[in-house]
Amino acid sequence: MEQSAYKPGEHPNLPPPSNTVGPIAWVRANLISSPTNIVLTVLSIWFLYEIIPATLEWAFMDAAFTGESRDECRAKAGGACWAFIGERFNLFTYGFYPADERWRIDLAFVLLCVALLPVLWDRCPFRKYGLYFACAFPFISGWLLLGGFGLMPVDTDEFGGFMLTLVIGVTGITFSLPIGIILALGRQSDMPIVRVFSIWFIEFFRGVPLITLLFVASTMLNYFLPTGTTFDLLLRVLIMVTLFASAYMAEVIRGGLQALPRGQYEAADSMGLKYWTSMRLIILPQALKISIPGIVNTFIGLYKDTTLVIIIGLLDPLGVGRSSLADTKWTGLSNEMYLFVAIFFFISCFGMSRYSLYLEKKLATGYER
Amino acid sequence: MNESANKSNGNPEREIVIVIRKMHKWYGQFHVLKDINLNVERGEKIVICGPSGSGKSTLIRCINRLEEHQDGEIIVDGTELTNDLKNVELVRREVGMVFQHFNLFPHLTVLDNCTLAPIWVRKEPREEAEATAMEYLERVKIPDQANKFPGQLSGGQQQRVAIARSLCMKPRVMLFDEPTSALDPEMIKEVLDVMIELAKGGMTMLCVTHEMGFAKTVADRVIFMDEGEIIEQNKPHEFFDNPQHDRTKLFLSQILNH
């Protein structure tokens with residue numbers, strides 16, 4: 001047996017060998033660790049080499065940023081015709097909202113950011129007042145967007161574009177989480193009526209395609225409602241989208257509730273905490289934390305599903321885009337239009353995804369290995 | 001037989017805190033607890049032992065109604081445990097419980113774990129609850145860990161926090177459900193030391209455990225259970241030196257001679 005350089009109990013902590021740390025070790029471990037890995041690395045580099053320069057060429061170097069029509073673009077450059085997006089930008093953003101009143105949308109958007117800050121960031125200065133403001137925000141923004149009480153009333157028919165996406169998305173996200181929580185708890189309730197109602201609600205809304213619900217909202221509801229009642233189409237869509245997302249949310253949260261060890265419920269019970277107190281302080285904070293990836297997944301799904309409203313005649317960004325393409329001046333520029341809309345959705349969804357990762361890291365308290 | 005044992009143990013001047021009379025419990029068709037009769041005096045320390053599946057954990061979990069009994073009665077500090085949630089909450093307020101797997105709340109710091117129930121159940125002001133919590137954390141010898149999360153502590157430390165958390169509610173009875181069974185051997189002693197301290201302070205304790213050394217030093221009475229019945233109960237030295245039933249003798253020979 002070889003003699004150790006140190007006596008038993010006196011071995012110091014040594015640094016790891018130099019070839020296992022640093023950039024060279026990283027390349028060795030991640031890019032060229034095996035023959036398959038080498039092949040994949042080479043293929044990836046070749047793929048990027050083929051794609052990136054061509055894309056940059058089309059989107060920037062050989063693109064036309066100004067022009068009055070497609071033909072003018074084509075005369076200048078062979079690539080993308082961004083002049084189209086530039087000319088239609090306001091339509092994409094505001095829909096058919098009256099031009100003089102568009103500042104109200106801008107203001108509502110700024111206020112949305114102000115309201116989100118204290119909700120999403122727990123070290124926000126004056127957070128308590130910020131949260132009060134966040135609770136008031138839905139009413140303020142509703143007033144700003146719809147008008148009345150001194151502002152010029154705007155009909156929801158005139159909503160459109162990204163603004164419509166945000167209205168549906170933010171409303172759906174804001175209301176589907178609490179409703180989903182209530183449904184998830186209801187599904188686990190000891191009270192049979194509450195449980196059966198929750199189960200049927202969830203199963204119904206999960207079992208029916210969203211498009212069907214939107215059609216019900218836009219046409220069939222008229223048969224059930226007393227004749228003569230008017231019930232705003234956008235409001236109906238908001239309700240359907242919210243209920244649809246709530247059903248998914250409930251199942252995601254139920255997964256989190258079931259993942260908690262029974263001991264957590266028992267410990268809370270054994271201290272004499274009341275049901276709602278133990279849910280609010282002990283069970284839900286942990287269950288929601290476990291469910292973050294699923295919750296954000298549902299949010300992103302909901303946000304992208306807002307594009308379905310085009311089917312019942314609301315003009316979301318894709319609707320605006322398609323009607324713009326019908327204009328003979330700009331016909332045939334669908335690449336630019338879809339790419340533009342895709343970038344908008346990607347930025348929003350990627351933001352949500354990154355925030356969920358940040359939240360998961362922030363809430364880690366040492367039990368994760 | 002149980003009645004007579006209680007009387008022989010009983011001191012007429014001492015108050016009875018827990019009365020269990022003709023109590024039965026079933027899990028579906030399975031009869032887990034059969035005709036349990038047990039009186040616990042204030043300040044009494046009872047160790048419950050027996051093979052696994054004998055119903056000992058279920059018995060103490062019935063005392064704060066984590067499990068429901070189907071027949072007979074359980075009266076804790078004058079309150080009978082029934083379906084009435086008010087009674088259940090009243091009893092749970094007065095009865096602390098320590099679990100095998102600690103069941104600390106991982107998303108709260110040690111201090112918040114300790115102050116949660118006093119603040120929300122007893123409606124104590126936060127400063128007062130925190131002062132009490134620090135006092136008990138001092139008693140279980142981990143005041144310096146107050147602002148850490150449970151996941152950052154060792155098993156023994158977590159279990160001591162769990163004991164402190166229960167004590168913060170100033171309970172009249174403490175239930176221990178195998179408090180050392182999930183611990184590494186090195187950590188069992190630090191938890192048992194805290195429990196011995198607590199016993200010396202006069203706490204009423206019911207403890208399900210396999211630590212026979214603890215039973216010998218601390219218990220006023222040892223109860224042996226098998227297949228849902230209380231087979232035998234006695235003072236510890238009588239119980240260990242002179243067991244009456246064959247089943248008890250077999251059990252003791254198996255746990256003591258290994």
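Relative contact order for chain A: 17 percent, from Cα pairs under 8 Å spaced at least 6 residues apart, divided by residue count. Across the accessible surface of chain B, with the other protein chains kept in place and a 1.4 Å probe, carbon and sulfur atoms take up 47 percent. In the protein assembly as shown, the inverse of the mean reciprocal separation of distinct Cα atoms equals 30.4 Å; this is its Kirkwood hydrodynamic radius.
From most to least packed by mean Cβ count within 10 Å, the peptides A:147-156, A:110-119 give A:110-119, A:147-156. Isolated cysteines of chain A, defined as having no other cysteine beta carbon under 4.7 Å away, are A:CYS113, A:CYS124, A:CYS135, A:CYS349.
Pairs with C-alpha atoms separated by more than 27 Å, drawn from the list A:LYS7/B:LYS189; A:LYS289/B:LYS141; B:LYS216/B:LYS249, are A:LYS7/B:LYS189; A:LYS289/B:LYS141. Derived scalar couplings between HN and Hα for region B:44-52 equal 7, 10, 10, 9, 10, 10, x, x, 5 Hz in order, rounded to whole Hz, by the Karplus curve 6.51 cos²θ - 1.76 cosθ + 1.60 (θ = phi - 60°), x for Gly and Pro. Buried on complex formation within region A:237-278 (loss of at least 10 square angstrom of accessible surface versus the isolated chain, 1.4 Å probe, ligands and nucleic acids ignored): A:ARG262, A:GLY263, A:GLN264, A:GLU266, A:ALA267, A:ASP269, A:SER270, A:MET271, A:GLY272, A:LEU273, A:LYS274, A:THR277.
The Cα atoms of chain A give a gyration tensor whose axes a ≥ b ≥ c have a/c of 1.5 or more with a/b no greater than b/c, which makes the shape oblate. Under the rule of -39500 (n - 2.57) per DSSP H run of 4 or more residues, summed and divided by the residues of the protein assembly as shown, what mean residue ellipticity at 222 nm is obtained, to the nearest 500 deg cm²/dmol? Calculated at 222 nm, the ellipticity per residue is -17500 deg cm²/dmol. Amide H contacts of B:ASP226 (H built 1.01 Å from N, in plane; Pro and chain starts excluded): B:ILE231 sit under 5 Å, all sequence-distant by 5 or more or on other chains. Solvent-accessible surface of protein heavy atoms, probed at 1.4 angstrom with all chains present, puts B:TYR27, A:TYR223 in the order A:TYR223, B:TYR27, largest first. The residue among A:PRO192, B:GLN152, A:LEU56 whose Cα reaches farthest toward the positive pole of the charge dipole of the protein assembly as shown, with charges on the beta-carbon of Lys, Arg, Asp and Glu, is B:GLN152. For chain A, the Cβ-based charge dipole about the Cα centre amounts to some 1120 debye (Lys, Arg positive; Asp, Glu negative; other atoms uncharged).
Return one whole number: the accessible area per residue of the protein assembly as shown in Å², for a 1.4 Å probe. Normalised by residue count, the accessible surface of the protein assembly as shown is 53 Å². Using the average count of surrounding beta-carbon atoms within 10 Å as a protection proxy, the listed peptides A:20-33, B:243-256, B:31-44 rank, highest first, as B:31-44, B:243-256, A:20-33. Taken over region A:163-361, the ratio of Cα radius of gyration to 2.2 N^0.38 Å equals 1.22. Rounded to the nearest 20, the size of the Cβ-charge dipole of the protein assembly as shown about its Cα centre is 240 debye, with Lys and Arg at +1 and Asp and Glu at -1. Of all lysines in the structure, those lying under 17 Å Cα to Cα from B:LYS56, and not within fewer than 8 positions of it along the same chain, are B:LYS22, B:LYS25, B:LYS34, B:LYS45. Approximating the spin labels as points 7 Å out from Cα along Cα→Cβ, the A:THR328-to-A:PHE109 distance works out to 3.3 nm. Residue ranking by accessible heavy-atom surface, 1.4 Å probe, largest first, among B:TRP26, A:TRP82 comes out as B:TRP26, A:TRP82.
Computed about its Cα centre, the charge dipole of region A:163-361 is approximately 280 debye, with only Lys, Arg, Asp and Glu carrying charge at their Cβ. Computed in the context of the full set of protein chains, the accessible area of chain A at 1.4 Å probe radius has 68% of its extent on carbon or sulfur. Please state the shape class of region B:38-149: rounded when a/c is under 1.5, otherwise prolate if a/b exceeds b/c and oblate if not, all from the C-alpha gyration tensor. Note, shape of region B:38-149 comes out prolate. Remark: accessible area buried at the A-B interface is about 2100 Å², both chains counted, probe radius 1.4 Å.
Farthest toward the positive end of the dipole of the protein assembly as shown, out of B:MET187, A:LEU314, A:THR298, is the Cα of B:MET187, where the dipole comes from beta carbon charges about the Cα centre. Of B:ASP177, A:ASP106, the residue with the largest accessible area leads and the full order is A:ASP106, B:ASP177 (1.4 Å probe).
The values are calculated or read from the model by the stated rules, or taken from the named source; none is laboratory data. Source: prediction; values computed, not measured. Note that we place each Cβ from the backbone using ideal geometry, even for glycine, and neighbour counts take in every protein chain shown. Note: accessible area is taken over every heavy atom of the protein model, side chains too, but ligands, DNA and RNA are not part of it. Shrake-Rupley method; radii C 1.70, N 1.55, O 1.52, S 1.80 Å.
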